[in-house]
Amino acid sequence: MVQVRAYDGDEEVCSFELGAEPIIVGRDAGADIYLDNRSLSRRHAQIEMRGASIWISDLGSQNGTFVNEERIDASVAIQANDTIRLGSYHLVIDDVQALEDDTPVLTLSGPEGNHRFALVGNEIVLGRAPSCDIAIGHKSISRRHLKISIQGSQYFIEDLGSQNGTRVNGITITKPVKVGGDDKIEISDFTLRIGHLKGDPSKNAQKSTMLIDKSALANAAYMEGDVQRTDSVAGRVHVGHVHENIDSAEASDAGAYANEFVKPAGTQDVLLHDGEFFPASIAASQARTGALTHSNQANPNDILGSRSPGVKPWEVVIEHHDTIVQRLRVKAPFLVIGEDGNPRDGGSQSYIAAESSLILTPIPEGVVVSVAGDRRLLVVDEVPRPAALLRPGEHATLGMLRVSVAP
């Protein structure tokens with residue numbers, strides 16, 4: 001397990017294990033690594049796993065986060081021998097290893113741009129299911145679409161009975177096929193190529209010492225991609241279009257699929273869900289559907305009674321790294337979303353004090369979002385806020401939760 005240690009000079013002042021959840025470093029007493037020093041912001045930086053790789057992000061701190069004495073303004077993959085400084089403290093990452101030059105690298109190109117993964121396992125499954133090693137949230141991709149097997153220095157591609165098939169050099173394959181660096185692998189609108197870290201023509205190919213945690217049971221490590229913006233609090237990298245609809249039948253099927261293909265607890269995956277990469281620890285019991293309910297009666301998808309005159313029910317998209325994306329209606333007086341990303345029953349409000357919750361209140365202009373049972377603040381446009389009015393197309397995050405109002 002990765003250990004993150006904080007030092008003040010030569011003295012170790014704090015340490016924390018990095019697992020499936022990102023860890024927050026800052027001056028807030030609720031931070032995972034609490035450093036009581038005025039040179040730090042309350043929520044100063046975040047460290048997270050993206051598959052087997054380890055990334056650090058600044059959370060809009062006043063004095064900045066520095067890697068090798070350069071202030072970072074985006075998420076950065078941590079390399080061997082990097083120095084990480086926050087105020088008067090420096091961080092050290094233990095129980096990790098550096099990528100070898102002969103590590104296979106998969107380049108994925110498609111509607112969400114180009115993205116590179118170090119393949120650190122001997123068998124990597126790609127598909128739309130969150131339980132895949134590399135999950136691609138696109139409707140044209142089957143839930144378990146293809147498998148890459150690494151046998152010594154040889155690579156084999158096998159289609160896993162996908163609906164739209166897998167092509168190698170333009171030919172649809174029906175059995176495992178040996179591939180090399182010059183072969184073009186296609187699944188729907190996505191193209192894959194396999195190479196090695198050493199000799200990779202990428203502009204960052206010289207960074208061959210990226211740190212990885214193979215103890216996390218991850219088979220892939222996210223390296224880099226065409227990032228539009230980083231949402232560090234939610235632990236996600238937005239790399240393309242906004243989420244597509246997932247209809248109720250498809251979502252229900254996905255939930256059943258997640259129950260069938262579940263990885264051991266704590267497994268780190270790299271998830272690209274409708275244009276977003278983020279780490280995922282998948283548990284079958286946490287897979288949910290996104291069916292909408294249009295009844296005015298209270299139920300888990302349509303909370304707390306009938307709509308108020310003059311206030312229309314807004315549709316919101318709720319995302320959580322352990323759940324399937326849900327589209328829900330927010331009707332008066334309010335909708336409560338628990339810290340697991342799922343709505344709560346409206347019969348009793350005692351749960352609000354027992355756990356972190358988002359309170360969504362519809363008004364004519366949009367949805368007012370506030371926090372209950374949590375000392376953290378919402379983050380809107382990288383600015384922490386106790387509450388926010390979200391208009392159509394806008395979003396806010398709280399830890400692993402992300403809520404956006406549908407246009």
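The values are calculated or read from the model by the stated rules, or taken from the named source; none is laboratory data. In this text the structure is predicted, and so the values were computed from the model without any measurement. Every residue, glycine as well, gets a Cβ built from its backbone with ideal geometry; the counts of neighbours run over all protein chains shown. With ligands, DNA and RNA removed, areas are computed over all heavy atoms of the protein, side chains included. Shrake-Rupley method; radii C 1.70, N 1.55, O 1.52, S 1.80 Å.
Using mean Cβ contacts within 10 Å as the protection proxy, how do 397-407, 58-68 order, highest first?
Numbers: 397-407: 20.9, 58-68: 17.7.
Ranking, from highest mean packing down: 397-407, 58-68.
For a quick protection proxy, order the peptides 152-161, 135-144 by their average other-Cβ count within 10 Å, most packed first.
Numbers: 152-161: 14.7, 135-144: 21.4.
Answer by packing, highest mean first, reads 135-144, 152-161.
Against the empirical 2.2 N^0.38 Å (N residues), region 7-82 has a Cα radius of gyration ratio of 1.06. With bins 10 Å wide beginning at 0, the percent of Cα pairs of region 58-119 falling in each bin runs 17, 37, 32, 14, 0. Over region 72-154, Cα pairs under 8 Å with separation of 6+ residues give a relative contact order of 17 percent. In this simple spin-label approximation, Gln97 and Gln3 carry label points 7 Å from Cα along the Cα→Cβ vector, and these lie 1.8 nm apart.
Using equal-weight Cα scatterers in the Debye expression, the normalised intensity of region 1-145 in log10 at q = 0.13, 0.21, 0.22 Å⁻¹ is -0.67, -1.26, -1.34. Each peptide in 378-388, 111-121 gets a packing score, the mean of other Cβ atoms within 10 Å over its residues, and the list from highest to lowest is 111-121, 378-388. For region 4-93, averaging the sequence separation of C-alpha pairs within contact (under 8 Å, six or more residues apart) and dividing by the residue count gives a relative contact order of 25 percent. Using a probe of 1.4 Å on the protein chains alone, the accessible area found for Lys178 is around 120 Å². Translational diffusion of region 87-184 was estimated from the Stokes-Einstein equation, with Rh taken as the Kirkwood radius over Cα pairs; at 25 °C and 0.890 mPa s the coefficient is 161 µm²/s.
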